[in-house]
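Shown next, in structure tokens, is the structure this report addresses.
The numbers here are math on the coordinates, done by the rules we state, and not lab data. Values in this document were obtained by computation on a predicted structure and should not be read as measured data. Cβ: placed from backbone, ideal geometry, glycine included. Neighbour counts: every protein chain shown.
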Amino acid sequence: MSEAIAAMGGSGTAVAPGATLSIDDVGSRAAAIVQNVETVIAGKREAITSALTVVLAEGHLLIEDVPGVGKTMLAKALARSVDATVSRIQFTPDLLPSDVTGVSVFDQASRKFEFKRGPVFANLVIGDEINRASPKTQSALLECMEERQVTADGTTYRLDAPFTVVATQNPVEMEGTYPLPEAQRDRFMARISMGYPSSADELAMLATRETSSPIDDLTAVVGLDELRAMISAVQHVFTSQPVKEYAVELARTTRDDRQLRLGASPRATLQLIRAAKAHAAMHGRDFVLPDDVDALAVPVLAHRLVPTSRALGSHDRDSGPLIDAIVRRIVGETPVPVGSARRN
Amino acid sequence: MRPDTIALSRGQRLALTAASFALIAVASMALGPLISGSGWWWMCAFIAAGTLFGGAGLRAIRTPASLVPVLELVILVLLLTLLFGGTTSFALIVPTTGTFTEFGELLGGAERTIQQQSVPAIPVPALTFALALGVGVLAVCIDILVQTVRMPALAAAPALVPILIPGFIIEAGAEAPTLVLAAAAYLLLLRVDVRVRRRARIMAGDEGDDAATVISPARVPIASTLGATLGLAGAGLVVAAVLAASTPSISTSLLLGTGNPSTIFGRGVSPFIDLGRDLRRPDPSPAFHYFSPDGERPYFTLLTLDRFEGATWGVTDTAIDGDNTVDAMPRPEGLSSEVRADEHPIDVTIDEVRTTWLPVPYPTTRVDGLRGSWFWEDGSLAVRGIDADTAGQRYQANWLEVDPTPAQLRAADRRVSDEFTRFLALPDDLPQVISDTAAQVTGTAATPYDAAVAIQAFLRSPDFEYSTEAPVEDGYDGGGFDVIAQFLESRAGYCVHFASTMAVLAREVGIPARISVGYTQGSPSQERVGGLQRIEVDSHDLHAWPELYFEGVGWVPFEPTPGRGLVPDYSRPGAGEGAGPPIPQSGSAAPSASGRAAADPGGGITGTGGGLALADSWWLRGGVIALLAAAVLLAPAALRAGQRASRLRRIARGERPADAAWSELTATARDLGVDVGIADTPRAVASRIADREGFAADEAGAALIVLRDAVERERYGPALRTGVPDADLIGALETARAALADDERAVDRIRAVLIPRSLVDRAQAAFSERLSPGT
């Protein structure tokens, strides 16, 4: 069963279509979005920033955590803060691929088959509990994510830019789930987890949400054209040769690491750099620092890596997820590039 | 506003200068145990004061900072000219070429006296000059560190030079009170510096940027930090090399790897050189003692001088023959069986003399009980150690008391066999007075023996006066021609003159002659052990005497020096007639009324105290090792300073300046113990540094951000340049470095300078890179 929630209309925009934004504007607008989302989800600035980074880098985000910590809330709040079309798909085991992409319906009046666009035709697609859907349906979504188009009955329909899927999933050990295969996890630019709020944040939440959900009061702070301009500005962020080498070196190290069975793919390296550019832009910088790469290494790389069973066996669960620890260790050990006199 | 660029007031500079002076003055006190008296110290203190306060005066009149050290050196030369230039100077303080010649001679003299003298050394002018020069140079070094580069903590390095030297030379090292005083002076300097800095910083708030006389450390270190450190190490080594040798134990020539360690007096020069002038020692020190039955008191030969070259007497350098072991020594040359020769045992224990030549009577037939390898030399039978010296030796020797009759001597063949003609060699330009005297004295002698007796009698006549003071003019302490001619005129001198004159006169009349250097028979003590008398020989018993060769008898000693030693029976005038009663060979026979020989500056041949103290490998090794250790100790600081200078140059050249500035900042932070790894981004390092107290101040924090942003932009940014002017980078770097250092205790700052951790990290990184194949 599919449930398409209404696409939300955009409000007035400050930026004309095709206009460019200065890097400082990108930073300030990004800060405004983060601040806006924060009014709904307190104490999760890092997760919010990562999510926005993915949106600006035109990637797809996977939010993974136990139920009830605000995964969907984050996705929805992000969507509401940006004046873009948003749709929400609640994944269930009986959801069909056409429920996602759309279906051709015979129009009695025109006596033609007419393509009914599915919920995937939106700027921001919230895929709730994606691991509850059958693999077949998952694949349909993932193909849309990768190719940014839908093909039905021999016709190809392009998806509007920007297009970002924010999928949430419960940890795989939960009942009734189909874990995403490695190959499909790789299509998400980043995976974040929310984590439990602090006691103070949880108390504050009780106070604000006792009667109503504040998300209903959330308004967009950035228009669609503005968002496109931001994305365009991100694409123009400069990445120096040393930083590229650094990203490659990180990826290469994951492939050789003794604790990892599967390392980062070249796609991972590419997405790491893209995300780093967005991260830099959000901080008002027109060039990428190794710090940007470092900050995104765990969200961008961790969900693609598979630890060896030996490493899993010896891992102390209290010290957080094993794979995050491995990525942090690799980042901590890889020398930061200092560049050379030779410029590239 | 960078704290280091703040102009110091004259008063503040003067306070620093006074503290520097206190440091060097106290530090040079540490040399006290090595040098007798205190006059030298006043001289050094005067020189240091003149140099340092002269520098302070120059700064007061706003002399460019880089010129001050140079002008201080000029002041040093002027002061040295005033004190040591003598008549060569112009208007007392202006040096002329003659002055520098004089200085050169003084340095040469210092080197010689350092070789010859033992501890405590008499501060002869040459030695005082070397000390004053060394202290003056160290004072300039300290001044550069304290005032020019404003790193007073480093002043410890030059101050350590005089403090360390005694440790190389005497076991006790510098005296504890001196060390305490020196430490106090150093702390005083640091204290004054801290106060000055603090005051200057407060003042800077009012004065703003009006810092006209600033010695900008941003520029100075480029030229002078490396130079200062290296120059410091170099000067320290030179001074240490010169001063460390102020004992006979260490010879400069050996230190420098030249010279012949087997030659007694170093460098193979005649032992006669420079004797009396330097060393007329008031107190003798025991050389050795021996046990022998009454009456058997031989002379002890150390070595024999056989080569006369006009200017000096010298030893023919012969290679040691490995077969010539001392357990079986040959019968002496020319001694026939008809001559009476009684063998006597003797038991010698060395007290303080230290040499590679063994004191043994001539001729000796065997020596037992020696440690190390000792060999006798052909002809002279002098015994030489190749891997040991006399220190702590006790040995038994058998020696021959050769007692020829005048008849046997008189019967000796006048013709000299070929192998002995070299003992007749005389230079062609023999002064007339020598040949005249020879002819005159031996005119009536029928045989060589009679001629020899006549020469001895001539020299022992009342016309000749024994005097250690008579030789007043330079060079008179030698045994060369001119000296002999002069001696024949003035008729006053000591054993060196008498012996060499007799030897030359004997050669002139055709008798092979050589000179033995060693000890006279010594003086008996009251102690008797098992019927043997203990006889003490001390440094005043050092002596030189001629030996003449007679065919059939061999080498026969004579004693031309009045008042010294024993006159052999056979050499007395009229002994040939056989009528004279035998004169007992005992102490009472010596002309000296006291029963012991008068002090003979022959003792000065080799210095006193330790007696013939020679280049000793143990001390030498210790000194060299200590110097090397000091150099190794300072090497990291020098390397680090070089690295800093090169980075500052890079900033100045604009060659990735931000990278250079950042590298320098992180290296400084690392030196001071901040955790900085290769996997840390500039941002991470900056946030770590910013947590330190010193960066709570806006100025330091802002400088840090400037540096961080510059390096990020330069390394990873799209533009080629940082957009920050180089001067601002240098300023920010200095501010940040000062803030880093501010948080640390003085001891940590010193450790950071001496043991820069950043270098260790670099070395480790290089090492691990080589080990890991992947990278």
Checklist outcome for this item: Per the 1/(1 + (r/R0)^6) rule, R0 = 56 Å and r from the Cβ atoms of B:Thr87 and B:Ser687, FRET efficiency to 0.05 is 0.20
Item to check | For A:Gln149, residues with placed amide H under 5 Å, excluding near neighbours | outcome: A:Leu159
Item to check | A:Leu124 long-range amide H proximity, modeled H, under 5 Å | outcome: A:Thr85, A:Val86, A:Ser87, A:Thr164
Checklist entry - Taking every residue in B:678-685, how many Cβ atoms of other protein chains lie within 10 Å of its Cβ, on average? => result 6
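Taking other Cβ within 10 Å of each residue's Cβ, how do B:Tyr299, A:Tyr178 sort, fewest first? Kindly include the intermediate steps, with their values, before the conclusion.
Working: B:Tyr299 22, A:Tyr178 18.
Fewest-to-most ranking of B:Tyr299, A:Tyr178: A:Tyr178, B:Tyr299.
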Next on the checklist: If I stretch the segment between B:Glu527 and B:Arg653 completely, what's the gain in nm (0.36 nm per residue apart, minus their alpha carbon distance), one decimal?
Outcome noted: 37.2 nm
Checklist entry - If you wrap a convex hull around the Cα atoms of the range B:1-99, how much volume per residue is inside, in Å³? => result 126 Å³
Item to check | Cα-based Rg and Dmax for chain A, where Dmax is the largest Cα-Cα distance (Å) | outcome: 20.4, 71
Checklist entry - So how strong a dipole does the range B:640-771 carry about its Cα centre when Lys and Arg Cβ are +1 and Asp and Glu Cβ are -1, to the nearest 20 debye? => result 600 debye
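Report the rotationally averaged projected area of the range B:626-716 based on its alpha-carbon convex hull, in square nanometres. Present the calculation step by step, with values, prior to reporting the outcome.
Working: hull surface 28.6 nm².
If you wrap the Cα atoms of the range B:626-716 in a convex hull and average its projections, you get 7.2 nm².
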Checklist entry - So what is Rg over Rh here for the range B:692-748, counting just Cα atoms and using Kirkwood for Rh? => result 1.07
Checklist entry - According to a simple spin-label model (label point 7 Å from Cα along Cα-to-Cβ), what is the distance in nm between B:Ala631 and B:Arg415? => result 6.1 nm
Checklist entry - For the range A:237-333, what number results from the quotient of the Cα radius of gyration and 2.2 N^0.38 Å? => result 1.09
Item to check | Amide H contacts under 5 Å for A:Ser104, placed H, 5+ residues apart | outcome: A:Lys116
Item to check | B:Leu187/B:Ala719 FRET efficiency (R0 35 Å; Cβ-Cβ; nearest 0.05) | outcome: 0.10
Checklist entry - Taking all pairs of different Cα atoms in the range A:152-295, averaging 1/r and flipping that mean, what Kirkwood radius in angstroms comes out? => result 19.1 Å
Checklist outcome for this item: Flagged as over-length at 22 Å C-alpha distance, from A:Lys71/A:Lys244; A:Lys44/A:Lys71; A:Lys116/A:Lys136, the pairs are A:Lys71/A:Lys244
Checklist outcome for this item: Once both label points are put 7 Å beyond Cα along the C-beta direction, the B:Glu401-A:Arg261 separation in nm becomes 10.5 nm
Checklist entry - If you place +1 on the Cβ of every Lys and Arg, -1 on the Cβ of every Asp and Glu, and leave all else neutral, what size is the dipole of the range A:237-333 about its Cα centre, to the nearest 20 Debye? => result 400 debye
Checklist entry - Can you give the net charge of the other residues whose Cβ lies under 13 Å from the Cβ of A:Leu21, counting K and R as +1 and D and E as -1? => result -3
Checklist entry - According to a simple spin-label model (label point 7 Å from Cα along Cα-to-Cβ), what is the distance in nm between B:Thr96 and A:Val338? => result 5.9 nm
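If you average 1/r across every pair of different Cα atoms in the range B:640-771 and take the reciprocal, what Kirkwood value do you get, in Å?
Details: mean 1/r = 0.0670 Å⁻¹.
Hydrodynamic radius (Kirkwood, Cα pairs) of the range B:640-771 is 14.9 Å.
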Checklist entry - Where in the range A:117-134 is the amide nitrogen less than 13 Å from a point lying 7 Å along the Cα-to-Cβ axis of A:Thr155? => result A:117-118
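Which GluC sites (Glu not before Pro) in the range A:136-198 pass both tests, a DSSP loop state and at most 16 other beta-carbon atoms within 10 Å? Walk me through the numbers on the way to the answer.
On the way: sites: A:Glu143, A:Glu146, A:Glu147, A:Glu173, A:Glu175, A:Glu182; in loops: A:Glu173, A:Glu175.
Loop-located and lightly packed - A:Glu173, A:Glu175.
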Next on the checklist: Relative contact order of the range B:46-203, please, whole-number percent, based on alpha carbon pairs below 8 angstrom and at least 6 residues apart.
Outcome noted: 17 percent
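When the dipole is taken about the Cα centre of the range A:23-232, and only Lys, Arg (+1) and Asp, Glu (-1) are charged at their Cβ, what size is it in debye, to the nearest 20?
Approximately 400 debye in magnitude.
Counting residues in the range A:222-280 as N, plug N into 2.2 N^0.38 Å and put the Cα Rg over that result.
Numbers: Rg = 14.6 Å, N = 59, 2.2 N^0.38 = 10.4 Å.
The value comes to 1.41.
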